[in-house]
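The values are calculated or read from the model by the stated rules, or taken from the named source; none is laboratory data. All of these numbers come straight from a predicted model, not from anything done at the bench. Reconstructed Cβ throughout: ideal geometry from the backbone, glycine too, with neighbour counts over all protein chains shown.
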Amino acid sequence: MITISLNQIRAQFPCESGWKKVLASKGGTSADMDAQFPLADILESNDLDDTLWCLRCLPEYNSLRRKFAVWRARQVKHFMTYERSRNALDVAWRHSDGLATDEELAAAWDAAWAAARDAALAAALAAARALQKAKLIEILTAGEWVDSATALGTDK
């Protein structure tokens, strides 16, 4: 299970609104700032975006965070009309395992942003939010990438 403390979050200068929510959920100003708690708890007090932001506070999980980002994009891969955009997902996955260069990742990022500007993709991402939350809970609880079948296909 992936855990985090309030001090680990605070050290990365969270946004005020997100910080207030997570702090309140852990007891407010009387909370033990160094106590570790499941990162998945933040999904209950805050939202998916804040939880992913907090995962960034734990650099030892950068690969896992990147894999989750690729997994999210693959859930709407069928909306990507250009092969270049679909290939960008493979490069990003390889980079998360150290098998692609930063330059290759930069090119993949450019392609991903081009795809993200597509209105159909944006709508599909919004519709996939619940599935993404469930997957994030699964990997945060396991503390590692978990391959499992999903309602929208497979993880890879």
> Name the pairs whose Cβ atoms lie under 8 Å apart, with the first residue in the range 32-48 and touching a residue at least 24 places away in the same chain (Cβ under 8 Å) and within 13 Å of TRP19 (Cα to Cα), the second small (Gly, Ala, Ser) and surrounded by 17 or more Cβ atoms within 10 Å (Cβ to Cβ), and 6 or more positions between them or separate chains?
Replying inline: MET33/SER5; ASN46/GLY18
> What are the residue pairs meeting all of these: first residue in the range 97-119, first residue in the same structural domain as ARG86 (by TED's automatic domain parsing) and among the small types (Gly, Ala, Ser), second residue outside any helix (DSSP H, G or I) and modelled with pLDDT under 85, Cβ atoms under 8 Å, and 6 or more apart or on different chains?
Replying inline: ALA111/TYR82; ALA114/TYR82; ALA115/MET80; ALA115/TYR82
>> Please determine whether any residue of the range 10-18 is buried (at least 19 other Cβ atoms within 10 Å of the Cβ), under 18 Å from the mean Cα position of the chain (by Cα) and closer than 19 Å to LEU64 by Cα.
In response: no
> Just for helices (runs of 4 or more DSSP H) wholly inside the range 18-87: which have at least 2 residues that are out of contact with any strand residue (DSSP E or B) (no Cβ under 6 Å at 6 or more places or on another chain) and among the polar types (S, T, N, Q)?
Replying inline: 62-74
> Can you name the condition, by its number, that TRP113 falls short on among (1) part of a helix (DSSP H, G or I); (2) surrounded by 16 or more Cβ atoms within 10 Å (Cβ to Cβ); (3) not polar (S, T, N, Q)?
Replying inline: (2)
